[in-house]
Structure formats: structure tokens, C-alpha cells
Amino acid sequence: MTAPARAVRSRSLLPAGARVVAERPADERALVLAAQRGEREAFSALVRTHERRAYAVARAIVVNHEDAEDAVQEAFLHAYRALHRFLPDQAFGAWLHRIVANAALDITRRRKVRDADELPETVASPFRDPAESSELRRRLQEALETLPARQRAVIVLHDVEGFKHAEIGVTLGIPEGTARSDLHYARSQLREVLGSVRSEL
Amino acid sequence: MTTEYRGPELVRDDDLTRELRAIYAAPSDASWWAALEQRITARIDAAVIADEWWTVPERWMRVGLIAAGFAVIVAGAMIVRSQQRVTSMAYQTVVGPASTDVPEVAVSGTMTEQQARLRVLTGR
């Protein structure tokens with residue numbers, strides 16, 4: 001086991017064989033430094049620490065679960081290759097989220113081109129079954145897919161994942177004010193859909 | 001990155017938030033996350049192997065550069081030498097004897113010079 005991984009485990013009193021996850025910034029910095037020295041176990045620990053949040057960022061931007069998973073994989077691979085350029089004193093999470101957002105936006109662009117060329121409908125995800133079980137969620141899902149990717153990302157990151165406007169700004173590379181106005185427009189669009197579905201049902 | 005927002009007040013809609021959370025719920029199965037981590041690690045491993053296959057060690061790179069430099073010098077020298085030979089032959093063709101065939105044929109056989117010249121001209 002590597003020194004940073006040992007340090008993380010001993011401080012958090014994890015039993016042998018338990019999965020190493022950085023819980024404190026100091027642990028994370030040690031893991032980043034170890035990963036920059038080429039220690040693969042340290043990078044795996046960073047993956048374990050950040051994969052859920054990375055998935056949330058990707059899922060906020062793309063339209064289905066499979067694309068979110070692809071974006072997360074792409075992003076971690078990109079982060080691994082660019083790790084030597086990362087300054088360990090910065091927040092690894094914020095840096096990674098930016099990479100994830102870019103990977104997800106790339107996938108969204110590619111899908112747009114592909115869908116225009118080939119299939120008019122998006123592939124149904126087995127993970128969306130609960131949403132598809134109700135008419136309201138189905139209509140809401142459709143409305144979400146018609147929103148511009150950035151507005152969709154902003155409302156999901158804010159209302160679902162609890163990101164602050166400043167964090168959204170950093171992640172998506174937009175000013176905080178833009179994040180606020182995107183949130184306003186996305187909410188009004190979706191509220192309209194919600195209202196019309198309710199009046200129909 | 002902060003710019004002042006002058007739009008209407010942002011009010012959370014609880015119903016909308018609840019529906020969005022249902023739609024965007026992340027997988028709750030721990031095994032799915034472990035599998036995702038494995039897929040990420042496998043993808044990085046594959047990329048590293050591919051990168052290493054293309055990456056030439058620095059020592060070999062130096063040896064290769066020296067060998068390539070040497071090959072360029074040798075090839076250059078050979079081209080210059082060959083060029084000199086061609087120039088020299090062209091020069092000899094212009095300023096040398098008109099034909100060396102006749103005396104050689106004459107000397108090699110028992111024919112007279114006149115017979116030899118005739119033989120060269122008729123091609124027999």
C-alpha cells in the first residue's frame with residue numbers, strides 16, 4: 001500500500017481491505033501528490049472520492065444515464081493525463097468538475113449531430129424507469145431535453161445537487177449572474193410544463 | 001466571475017424540485033459505483049499501455065537520433081561521390097577519344113585496322 005493511502009486509512013481507522021476515500025482536504029492533497037508521482041492506487045482513491053459528484057455534474061448536462069457514465073469515464077481519463085498540470089493547492093474537485101462538464105458538453109454536442117443524422121429519439125435508459133412511470137415525469141423529462149444544455153445543467157446542479165451559484169459558475173465556466181438567470185428561465189419553463197400537465201390530469 | 005443578477009427573485013418550487021430529484025436520482029447500488037471505478041481504472045490502464053507503446057525511451061531516442069544523423073552523413077557522402085563520378089564520366093565522354101572500340105577490336109584479333117573499322121560500321 002502507498003504512503004498516502006496508508007495515511008488515509010490509519011487516520012480514519014478503516015479496517016484492512018476497506019476502500020480508501022479521502023475525507024479531508026489534507027488527505028486529498030496527499031493523494032493528488034502521490035498520484036502525480038505516478039501512484040495508481042492514489043488516483044483510484046481520488047476516483048472513489050469524486051465519482052458520485054462527477055456523475056451528478058455529468059448527469060445534469062447530458063440527457064441520459066449512459067451518457068453520464070461515458071462522460072465520467074472520459075473525464076477521469078482526461079484528468080489522469082492532465083494531472084501533472086494540476087496545482088495541488090487548488091481544489092481537486094472544482095478542477096475535476098470543470099473537466100467533467102466539458103466532457104459532458106462534448107457528448108451532448110456529438111449526440112446532437114448524431115441524432116440529427118440518424119435517430120430522432122433518444123435511447124431510453126433503464127435507470128429512468130421510475131420517471132417514465134408517471135405522465136408528469138415523462139412530460140417533465142421531455143421539457144428538460146428541450147432546454148438548452150446549460151440551463152438544464154444549472155437547474156439540476158442547483159436544485160438537485162445543491163451546488164451554489166458560484167460553484168455552478170466555476171464548473172460550467174460562466175459568470176455567477178448567468179447561472180442565476182439560467183436558473184430563473186429553466187425554472188419558469190419547467191413550471192409551465194408542470195402547471196399544464198396538472199391542469200390536464 | 002461574479003456579475004450582478006437583476007432578474008426576478010429566484011424562488012424554489014418544491015414540487016418541481018421533488019420531480020427533478022426523482023428523475024435525476026443517482027444509482028444507489030454500491031456495486032454499481034465499484035463497477036464504475038473498475039471501468040475507469042481499466043480505461044486508464046488501456047490508455048497508459050497505448051501511450052507507452054508509442055513512447056520511445058529517452059535512451060533509445062538518443063541512439064536513434066545519432067544513428068539517423070550518421071545515416072544522413074553517409075548517404076550525403078555517397079550522393080556527392082556518385083555525382084562526382086557522373087560528372088567525371090560526362091567530362092571524359094566530351095574530351096576523351098572519339099571511340100576506343102576500333103583499336104581494341106583491331107588489337108584483339110588478327111584483322112587489319114581497315115577490316116575492324118568495317119566490322120564496327122556494319123555491326124557484324
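The values are calculated or read from the model by the stated rules, or taken from the named source; none is laboratory data. It should be emphasised that the depicted structure is a prediction, and the values quoted were computed from it without experimental measurement. Positions of Cβ are generated from backbone atoms using ideal geometry, with glycine treated the same way; all protein chains shown enter the neighbour counts.
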Residue list for the range A:108-148, restricted to those being at pLDDT 85 or above, loosely packed, with under 15 Cβ neighbours inside 10 Å and of a type in the set (S, T, N, Q) = A:Thr146
Within the range A:78-93, identify whether any single residue is buried (at least 24 other Cβ atoms within 10 Å of the Cβ), at pLDDT 95 or above and at the interface with chain B (Cβ under 10 Å from one of its Cβ atoms), and answer yes or no.
-> yes
Does A:Gln90 satisfy the criteria of being of a type outside the set (Lys, Arg) and out of contact with any helix residue (DSSP H, G or I) (no Cβ under 7 Å at 6 or more places or on another chain)?
-> yes
Go through the residues of the range A:95-107 one by one and say whether even a single one is at pLDDT 90 or above, crowded, with 22+ Cβ neighbours inside 10 Å, touching a Pro at 6+ places or on another chain (Cβ under 8 Å) and within 26 Å of A:Val160 (Cα to Cα).
-> no
Quick check: anything in the range A:176-195 assigned to a loop (DSSP other than H, G, I, E, B), over 19 Å from B:Arg18 (Cβ atoms) and more than 17 Å from the chain's Cα centre (by Cα)?
-> no
Go through the range A:179-191 residue by residue and tally those that are more than 7 Å from chain B (Cβ to nearest Cβ) and free of Cβ contacts under 8 Å to residues at least 24 places away in the same chain.
-> 1
Taking the range A:59-77 as the region of interest, how many residues are modelled with pLDDT of 95 or more and among the basic types (Lys, Arg)?
-> 0
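On the basis of being under 30 Å from A:Gly38 (Cα atoms) and either within 17 Å of the chain's Cα centre (by Cα) or in a helix (DSSP H, G or I) (or both), does B:Gly64 make the cut?
When the stated conditions are applied, B:Gly64 passes them.
Yes/no matrix, rows are residues, columns are (1) at pLDDT below 80; (2) within 30 Å of A:Leu190 (Cβ to Cβ):
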{"position": "B:Arg21", "(1), (2)": "no, yes"}
{"position": "B:Ala35", "(1), (2)": "no, no"}
{"position": "B:Ala47", "(1), (2)": "no, no"}
{"position": "B:Val56", "(1), (2)": "yes, no"}
{"position": "B:Gly64", "(1), (2)": "no, no"}
{"position": "B:Ala68", "(1), (2)": "no, no"}
{"position": "B:Val80", "(1), (2)": "no, no"}
{"position": "B:Thr87", "(1), (2)": "no, no"}
{"position": "B:Thr100", "(1), (2)": "yes, no"}
